[in-house]
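Please read the structure below before turning to the comments.
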């Protein structure tokens with residue numbers, strides 16, 4: 001037997017009248033904090049403080065482990081040891097696994113066992129752990145939905161709603177779960193926009209970790225430039241794409257004390273999935289890039305793309321190598337810039353270029369999977385759509401960056 | 001037998017799932033953590049039973065992709081037993097989904113989860129009476145600490161198909177009774 005909506009509510013009314021009693025309730029400290037963090041006047045300063053705290057924690061934690069321990073372990077012990085024991089410094093194997101003979105740091109060597117391991121374990125791992133530790137505490141206390149409420153008005157301007165901060169923030173860790181988290185958005189338009197925007201504009205934690213190691217003084221500016229881009233293009237996409245952006249009612253759960261067991265579990269799960277899904281791609285990326293150099297393919301590609309790279313984007317033609325690696329892993333791609341001769345302006349431009357251009361292969365696969373839920377047409381729509389957005393963004397936004405750099409007099 | 005954990009977003013289905021199966025699916029304090037279903041196994045009386053952690057949904061009329069997954073899962077599991085997880089401090093609106101699922105003829109057990117939070121908010125629920133009206137097992141639980149979980153598991157086999165006509169009659173009958181007193 002089926003009831004109508006009204007009949008159902010009427011029945012529920014009857015049942016709850018007899019079974020549920022509401023006693024008096026005094027507001028507690030938790031409620032007070034809950035109110036303060038969600039009302040704009042106090043909530044926005046608090047949100048800025050929390051996000052800044054997130055950023056500072058991320059930077060100092062990752063820096064502490066990478067600079068304090070990893071760089072020393074890898075450069076002072078691991079690298080010299082490998083150089084000594086690995087046979088035949090002129091052979092291909094040496095070039096692929098150890099890299100440049102005589103290189104003094106893992107930034108320069110570029111072998112699978114030197115730079116590959118160094119990026120994955122030395123630089124990215126501390127960054128990932130730092131990121132997730134803070135994120136998990138935000139998730140478990142219940143702060144995320146409050147952030148969603150605060151940013152709701154702003155996100156409506158680009159056709160999304162507050163809840164879109166969840167995929168955005170998850171993407172800062174890794175774009176892959178970010179893409180799946182868009183399932184919580186209501187309309188097809190919002191899902192498509194969010195997937196396109198996050199895969200183009202939001203750098204992942206691994207990439208941020210390397211950026212932080214490479215150009216700590218510029219990372220903040222690059223982030224601001226990318227986020228601005230997300231809003232500018234969100235605004236444009238919202239006007240172009242048909243579809244609705246409905247208001248939603250959002251549940252804000254009470255604050256809870258994180259259970260440390262759960263924090264530990266989640267941190268372990270996310271870190272170990274980084275080990276199994278990311279590290280192989282980093283190592284594979286190093287092999288691929290080295291093979292392409294050894295066979296001369298990279299140089300040929302560089303010549304082909306030279307007009308575009310040096311002509312339009314103003315970066316050295318060798319940037320083609322990181323762009324190739326970027327298909328596999330963005331962190332590896334940024335890392336490759338470390339050993340290139342570049343001006344500050346070129347370095348910033350190429351980092352932005354790598355960030356904006358093609359999502360990494362894992363994100364790409366996830367976009368296909370999400371499109372697949374509506375069949376071939378879905379895949380086609382998501383892929384063609386994102387690629388279109390991507391192409392447009394790369395040319396326009398990197399162009400804008402060059403103009404800004406020129407005005408500011410950065411060489 | 002297959003058990004589906006269903007309920008609103010952020011009521012603790014994933015915590016339930018992890019407790020029941022020993023799995024480690026992500027638990028967080030915000031609605032919409034689970035966006036896809038996860039399957040696992042648990043033991044009830046020496047029998048291996050499949051348990052599914054289903055994304056949260058407010059009703060059987062899906063509003064987004066995650067809710068679509070939930071509704072599809074339910075429709076495809078015609079022989080499933082539903083453990084409907086309810087936030088004890090928000091019983092009314094949770095009952096809506098429970099009734100909807102019962103109307104489709106699924107056997108059900110109701111877990112009044114977050115019992116501690118309802119208590120903190122000074123909300124009293126008459127569990128026996130609720131069970132009397134609905135005609136299916138109703139149990140208070142606190143999944144994060146594990147309280148009530150053993151009792152819940154021991155009564156999954158008692159899951160019954162809700163009889164809507166009976167529920168209507170019970171709700172009315174008991175109310176009249178209360179009026180007379």
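The set of residues from the range B:19-51 being crowded, with 22+ Cβ neighbours inside 10 Å, within 30 Å of residue A:164 (Cβ to Cβ) and more than 8 Å from chain A (Cβ to nearest Cβ) comprises just one member, B:34. For residue A:89, the criteria (1) without any contact (Cβ under 8 Å) to a residue 12 or more places away in the chain; (2) assigned to a loop (DSSP other than H, G, I, E, B) hold in every case but one, which is (1). Restricting the range A:268-280 to residues that are more than 10 Å from chain B (Cβ to nearest Cβ) and buried (at least 17 other Cβ atoms within 10 Å of the Cβ), the residue that is nearest to residue B:19 (Cα to Cα) is A:274. Right, residue A:150: in a helix (DSSP H, G or I), touching a helix residue (DSSP H, G or I) at 6+ places or on another chain (Cβ under 6 Å), surrounded by fewer than 23 Cβ atoms within 10 Å (Cβ to Cβ) and away from chain B (no Cβ under 11 Å) or not? Considered against the rule, which asks whether it is in a helix (DSSP H, G or I), touching a helix residue (DSSP H, G or I) at 6+ places or on another chain (Cβ under 6 Å), surrounded by fewer than 23 Cβ atoms within 10 Å (Cβ to Cβ) and away from chain B (no Cβ under 11 Å), residue A:150 comes out as yes.
So, of the residues in the range A:257-267 that are surrounded by 14 or more Cβ atoms within 10 Å (Cβ to Cβ) and not in a helix (DSSP H, G or I), which turns out to be farthest from the other protein chains (Cβ to nearest Cβ)? Checking each candidate, the answer is A:258. Screening the range A:180-204 for residues that are more than 14 Å from chain B (Cβ to nearest Cβ) and part of a loop (DSSP other than H, G, I, E, B) and picking the one that is nearest to residue A:244 (Cα to Cα) gives A:202. A count restricted to the range A:96-116 and to residues that are in a loop (DSSP other than H, G, I, E, B), touching a strand residue (DSSP E or B) at 6+ places or on another chain (Cβ under 7 Å) and modelled with pLDDT of 90 or more stands at 1. Checking the stated criteria, residue B:145 turns out to be surrounded by fewer than 17 Cβ atoms within 10 Å (Cβ to Cβ), in contact with a helix residue (DSSP H, G or I) (Cβ under 8 Å, 6 or more places away or on another chain) and closer than 30 Å to residue A:27 by Cα. The single condition among (1) surrounded by 18 or more Cβ atoms within 10 Å (Cβ to Cβ); (2) without any contact (Cβ under 8 Å) to a residue 60 or more places away in the chain that residue A:245 does not satisfy is (2). Across the range A:1-24, the qualifying residues are those that are part of a loop (DSSP other than H, G, I, E, B), out of contact with any helix residue (DSSP H, G or I) (no Cβ under 6 Å at 6 or more places or on another chain) and at the interface with another protein chain (Cβ under 7 Å from one of its Cβ atoms), and the one among them that is farthest from residue B:173 (Cα to Cα) is A:24.
In summary, residue A:175 fulfils each of the numbered conditions (1) within 12 Å of chain B (Cβ to nearest Cβ); (2) within 23 Å of residue A:388 (Cα to Cα) with the single exception of condition (1).
The values are calculated or read from the model by the stated rules, or taken from the named source; none is laboratory data. Source: prediction; values computed, not measured. All Cβ positions, glycine included, derive from the backbone under ideal geometry; neighbour counts span all protein chains shown.
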